[in-house]
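What follows is a short report on a single structure.
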Amino acid sequence: MSQISSEPDFDVIVLGGGAAGLMCAIEAGKRGRRVLLIEHADQVGKKILISGGGRCNFTNLHCKPENFLSANPHFAKSALARYTPADFIALVESYGIQYHEKTLGQLFCDDSAKQIVAMLLNECAKANVRVAVSAKVRRIERAEPGFIVELDDSELRTEALVIATGGLSIPKMGATGFGYEVARQFGVPIREPRPALVPFVLGGEDHVNFAELTGVSAEVVASLGKRRFREKLLFTHRGLSGPAILQISSYWNGADPVMIDWAPGQEVFADVRASTAGRNVAAARAALRTTLPARLADRLLDVLAPTSWTNQAIEELERRLHAWTFTPTGTEGYEKAEVTAGGVDTDALSAQTMECRVVPGLYFIGEVVDVTGHLGGFNFQWAWASGAVAGRAV
């Protein structure tokens with residue numbers, strides 16, 4: 001990869017070498033724009049490389065606007081319609097990268113996420129995009145027309161400036177609040193950032209009851225208000241994780257209780273209620289063990305078991321099994337959050353181009369924007385789509 005020289009002028013400078021920044025640079029370069037991509041880390045695509053257990057969950061076949069959170073739920077529609085999962089899949093297939101579908105439309109590389117990064121860098125090279133790594137931006141200022149970007153060793157002018165610096169999640173990978181700082185500098189409003197797709201921490205009696213179940217998992221329905229996710233739940237040493245919990249965490253406001261259905265679609269204790277001889281905790285335990293791992297079944301009965309075994313008591317046990325509620329004491333924060341919710345207010349941006357309405361030539365794309373996908377490849381699709389539409393506009 002090339003390092004910055006004293007060349008003064010670019011049509012487009014993209015700050016951030018993640019998924020969105022790389023896609024934007026590629027699309028702009030394909031249009032003949034002179035593009036410089038600046039990454040402050042020592043390599044591009046670090047979050048791509050660790051995603052999907054190193055196999056990159058690069059998109060989702062069932063991507064729809066409903067799979068995204070934003071203060072404006074309609075904002076993402078334009079970009080998602082103009083760069084679809086099929087578009088990215090076509091690019092992947094053109095490189096002969098083998099992939100497979102896991103559950104719920106999630107696509108992963110058969111081999112390695114390194115293939116996706118190599119593909120994107122090759123596309124950058126084909127589009128004559130210059131890539132600079134280990135480059136720190138010291139100052140940005142407006143310079144009509146365009147912007148001045150000052151680095152350690154040079155001062156560059158550009159017509160268009162694209163902020164693709166991501167959010168605050170996974171700081172050990174180099175995440176910073178730089179994009180929000182740029183937004184504030186130019187008076188662009190921000191929706192309060194918060195960790196999303198993040199494990200919950202349990203406290204008090206809930207932690208005492210379930211602390212010994214670390215590593216145990218089960219398929220559940222996690223719900224909060226009208227939001228419901230049927231996926232795996234995983235017990236951790238601090239609380240709860242797994243896809244169902246990560247999904248619902250994005251909607252948690254820090255106060256409301258979360259509901260868990262431990263046996264979705266099943267009536268677990270029907271035979272216990274119908275029996276005349278086997279109405280006791282042993283029969284209930286045997287019934288619940290047919291649905292849940294033994295350790296979890298036993299612990300839930302310790303917590304939920306009634307003091308008597310009347311029809312009404314068994315019906316109440318069934319109800320509580322399908323509607324166990326807890327209020328997290330918090331989350332594991334940005335260190336364990338897969339993404340950052342909130343960010344640059346979509347009201348300040350054009351949905352068609354991602355350009356800032358009040359600062360022409362300034363664009364925000366990817367995770368730094370207040371658009372957050374569900375777990376399962378949706379955040380990558382937002383990165384590809386927002387990057388693509390900005391790259392076609394700059």
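Every number in this text was worked out from the coordinates using simple rules, so none of it is lab data. Everything quoted here is computed from the prediction, not taken from an experiment. Methodologically, a virtual Cβ is constructed for each residue, glycine included, from the backbone with ideal geometry; neighbour enumeration extends over all protein chains shown.
For the range 127-236, report the translational diffusion coefficient in µm²/s to the nearest whole number, using Stokes-Einstein at 10 °C, 1.306 mPa s, and a Kirkwood Rh over Cα pairs. Don't jump to the answer; show the numbers that get you there.
Values: Rh = 18.6 Å.
For these conditions, the coefficient is 85 µm²/s.
Taking every DSSP bridge with both residues inside the chain, close to 70 percent are antiparallel. Output the relative contact order of the chain, whole-number percent, from Cα pairs under 8 angstrom with separation of 6+ residues. Result for the chain is 26 percent.
Only sites in a loop by DSSP and with at most 16 other Cβ atoms within 10 Å count here; which GluC sites (Glu not before Pro) in the range 325-382 make the cut? The partial results should precede the final answer.
Working: sites: Glu332, Glu335, Glu338, Glu355, Glu367; in loops: Glu332, Glu335, Glu338.
Answer in residue order: Glu335.
Over all distinct alpha-carbon pairs, what is the Kirkwood Rh of the range 200-331 in angstrom?
Numbers: mean 1/r = 0.0661 Å⁻¹.
For the range 200-331, the Kirkwood estimate is 15.1 Å.
The mean of 1/r over all pairs of different alpha-carbon atoms in the chain, once inverted, gives a Kirkwood hydrodynamic radius of 22.6 Å. When both the range 178-216 and the range 295-321 are represented by their alpha-carbon centers, they are found 32 Å apart.
Report, in deg cm²/dmol and to the nearest 500, the calculated mean residue ellipticity at 222 nm for the chain, where each DSSP H run with n ≥ 4 adds -39500 (n - 2.57) and the sum is divided by the residue count.
Values: 13 runs with 119 residues, N = 394.
About -8500 deg cm²/dmol.
Each residue in Cys124, Cys56 was given a count of other beta-carbon atoms within 10 angstrom of its own, and listing them fewest first yields Cys124, Cys56.
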